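Structure first, commentary second.
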Amino acid sequence: MTTERVVPATMTETLSAHEAARVFAEATRWENSLAQRTEGLTWMIWAATTPALIITMGFVGSLDLPAWAQLLSWPPWVLLGYIMTHTLWRTTSISRPTLAPPGFLSYILKSLVIVGLVVVLHYLLQPATMVWPLLLIGAGWVGIGILSRRLTGQGRRAAVGAGAAILVGTAGLSLAAMPDMLGMLFAAGVTGVAALGAGLFQTLSG
């Protein structure tokens, strides 16, 4: 008695050129959607960490502490944001390896360079209000949108839009001459809402 191996029909069928093109297009759309939503979640991470950074700086600055205490109060939030971002993209790369972030050590070194640069600028400018920090944050968002090669086209537009919104908020803050505490809360709100808006745009339209 002989037995024959039953092969599912789907495994023996050959796709036509039209069907192959359709499957490829669907896979491409899925990968692009994955990248776009991951970018959106990244913006949401910074929508949480950036306001926390600003509020922490403001709170420490209101205390009777040395100037270096305020400088050291916000880098932990930046490092936390980078670690969460790295972990998110590394997880996403399981299904799309091209989305894998740089090595973790490289990521941390880059974040330390950025933190060091901002610390130097803070020391040189010695801002008395949140105008300069908010200006730097807005310019950073715009720079990411323009210069980043890893973002999708929509991701770049979302970053530039968030940065533009923050810069508009910076102009409003400089004209309003708010008290320090109110200015801090305003800056935290502007950065949080702008980043969250960019994240929602990315995730809901992806």
Check: Given THR191, THR129, which one is in contact with a Ser or Thr (Cβ under 7 Å, 6 or more places away or on another chain) and either modelled with pLDDT of 95 or more or within 22 Å of THR56 (Cα to Cα) (or both)?
Finding: THR191
Notebook entry, point to check: Which one of these is surrounded by fewer than 19 Cβ atoms within 10 Å (Cβ to Cβ), at pLDDT 85 or above, part of a helix (DSSP H, G or I) and among the basic types (Lys, Arg): ARG29, ARG37?
Noted result: ARG37
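One line per residue, one yes/no per condition, for (1) aromatic (Phe, Trp, Tyr); (2) surrounded by 17 or more Cβ atoms within 10 Å (Cβ to Cβ); (3) not in a helix (DSSP H, G or I):
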{"residue": "LEU117", "(1), (2), (3)": "no, no, no"}
{"residue": "VAL120", "(1), (2), (3)": "no, no, no"}
{"residue": "THR129", "(1), (2), (3)": "no, no, yes"}
{"residue": "LEU134", "(1), (2), (3)": "no, yes, no"}
{"residue": "TRP141", "(1), (2), (3)": "yes, yes, no"}
{"residue": "ILE146", "(1), (2), (3)": "no, no, no"}
{"residue": "ALA171", "(1), (2), (3)": "no, no, no"}
{"residue": "MET178", "(1), (2), (3)": "no, yes, yes"}
{"residue": "ALA188", "(1), (2), (3)": "no, yes, no"}
Next item on the list: Please work out which one of (1) more than 16 Å from TRP46 (Cα to Cα); (2) modelled with pLDDT of 95 or more is the condition GLY161 fails and give its number.
Entry: (1)
Next item on the list: Pairs only if they're at least six apart or on different chains, beta carbon under 9 angstrom, first in the range 60-72 and farther than 14 Å from VAL120 by Cβ, second surrounded by 12 or more Cβ atoms within 10 Å (Cβ to Cβ) and among the charged types (D, E, K, R); list them, first residue then second.
Entry: GLY61/ASP180; SER62/ASP180
Notebook entry, point to check: What number goes with the only condition from (1) part of a helix (DSSP H, G or I); (2) surrounded by 15 or more Cβ atoms within 10 Å (Cβ to Cβ); (3) modelled with pLDDT under 90 that TRP43 does not pass?
Noted result: (3)
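The values are calculated or read from the model by the stated rules, or taken from the named source; none is laboratory data. Given the structure is predicted, the values throughout are model-derived calculations rather than measurements. Neighbour counts run over all protein chains shown; Cβ positions are idealised from the backbone, glycine included.
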